[in-house]
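Notes for the one structure printed next.
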Amino acid sequence: DSGVTQTPKHLITATGQRVTLRCSPRSGDLSVYWYQQSLDQGLQFLIQYYNGEERAKGNILERFSAQQFPDLHSELNLSSLELGDSALYFCASSVGWNTEAFFGQGTRLTVV
Amino acid sequence: GEDVEQSLFLSVREGDSSVINCTYTDSSSTYLYWYKQEPGAGLQLLTYIFSNMDMKQDQRLTVLLNKKDKHLSLRIADTQTGDSAIYFCAEKGANFGNEKLTFGTGTRLTIIP
């Protein structure tokens, strides 16, 4: 158990809908990262937050947004969902910006 | 930009050593990591090496880093069936605001009984 908790574990939703994925980092970790894993794209970095502030942005679509709350948990919001958004979404956390990152078990999103 | 490459498949007999290779492009990488992903599971951090090191050993795992050639390898001694998984190498950028991990495609390790 990495100590990073993601909910829900599985999510099935229809095209055009909006979902929210939640991540609780390890106790004491200030950085939260979101990654998308799909068969064709591999593991893609989406976005990073550090202590509530956006730190780095990767290949995140405009339909997606994220935030980190004062208690350091983070949410990834995916809207206007398309079939191609079906993937495993991982959250990771680390103590600082330049330390090892620990991953949660992921949320498997299926868009039908 | 950053790019990390790995071969897709590796088959090894049980009890032999497995060597998984990785090449990367970002010479400013500070840390290089190995993660393990079992079917239906998340990414488990196996080990990491700081860029000023050549080698790191942790029980059955040995990481070798050739910074000149930007080549990283993971050796698993006495490979067991429980080692069957996909292994990802990843590099972390060193620049402020660029601390994301860039992952390779993953190497699927299959153990032959």
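Here are the numbers for this structure:
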item	result
Matching residues, the stretch B:8-62, being of a type in the set (Asp, Glu) and open to solvent by less than 60 Å² (accessible area, probe 1.4 Å)	B:Asp26
Verdict on A:Glu100 being open to solvent by less than 50 Å² (accessible area, probe 1.4 Å) and facing chain B (nearest Cβ under 8 Å)	yes
Spans of strands (runs of 3 or more DSSP E) in the stretch B:56-113 with at least 1 residues acidic (Asp, Glu)	B:85-92
Residue among A:Arg18, A:Arg26 that is within 16 Å of A:Ala87 (Cα to Cα) and at pLDDT 95 or above	A:Arg18
Elements of type strands (runs of 3 or more DSSP E) in the stretch A:8-112, at least 2 residues being β-branched (Val, Ile, Thr) and either without any contact (Cβ under 8 Å) to a residue 24 or more places away in the chain or in contact with a His (Cβ under 8 Å, 6 or more places away or on another chain) (or both)	A:107-111
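Listed here are the residues, each with its yes/no results for (1) among the aromatic types (Phe, Trp, Tyr); (2) within 14 Å of another protein chain (Cβ to nearest Cβ); (3) more than 20 Å from A:Gly42 (Cβ to Cβ).
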residue	(1), (2), (3)
B:Ser11	no, no, yes
B:Asp16	no, no, yes
B:Cys22	no, yes, no
B:Asp26	no, yes, no
B:Leu43	no, yes, no
B:Gln57	no, no, yes
B:Leu74	no, no, no
B:Thr79	no, no, yes
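The values are calculated or read from the model by the stated rules, or taken from the named source; none is laboratory data. Predicted model only: the values in this text are computed from it and were never measured. Here Cβ is always computed from backbone atoms with ideal geometry, including for glycine, and neighbour counts include all displayed protein chains. Just so you know, the surface numbers come from the protein's heavy atoms only, side chains and all, with ligands and any DNA or RNA stripped out. Shrake-Rupley method; radii C 1.70, N 1.55, O 1.52, S 1.80 Å.
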